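Structure, as structure tokens:
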Amino acid sequence: MHYLLFYDVVADYAERRAAFRAAHLAHARRAVERGELLLGGALANPVDGAVLLFRASSPAVAEAFAAADPYVTNGLVTRWRVRQWTTVVGEGAALPLVGPGA
């Protein structure tokens with residue numbers, strides 16, 4: 001299954017994240033190496049949040065990522081939440097629709 005991790009961030013996130021960026025990116029790269037994190041990045045215009053896409057058997061993987069993320073542990077993320085995403089179309093869809101009219 002796919003899971004989306006949504007971050008709401010502090011107003012001055014773009015400026016404050018520099019101090020924790022290397023640790024955050026190392027954390028993210030380890031999740032990529034494990035095959036858990038597929039994509040991630042900040043929302044733009046305005047920079048008021050971030051979204052990370054995980055592939056896992058349960059939301060626990062994304063929840064554990066957030067709990068250990070330096071952006072979260074250092075107060076840059078004001079709220080986070082994980083949502084299951086039922087992917088049905090596209091490369092890597094978890095529940096691909098097949099056949100005519102699908």
Rounded tilt (10° steps) of 21-33 against the dominant C-alpha axis of the chain: 20
If I stretch the segment between A42 and R30 completely, what's the gain in nm (0.36 nm per residue apart, minus their alpha carbon distance), one decimal? 2.5 nm
With only alpha-carbon atoms in the gyration tensor, what are the semi-axes of the equivalent ellipsoid for the chain, in Å, largest first? 28, 15, 11
Residues of region 1-41 with amide nitrogen under 13 Å from the 7 Å Cα-to-Cβ point of Q84? 1-4
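Since every read-out is calculated from the coordinates, none of them should be taken as a lab result. Computed from a predicted structure; not experimentally measured. Every residue, glycine among them, receives a Cβ derived from its backbone with ideal geometry; neighbour counts consider all protein chains shown.
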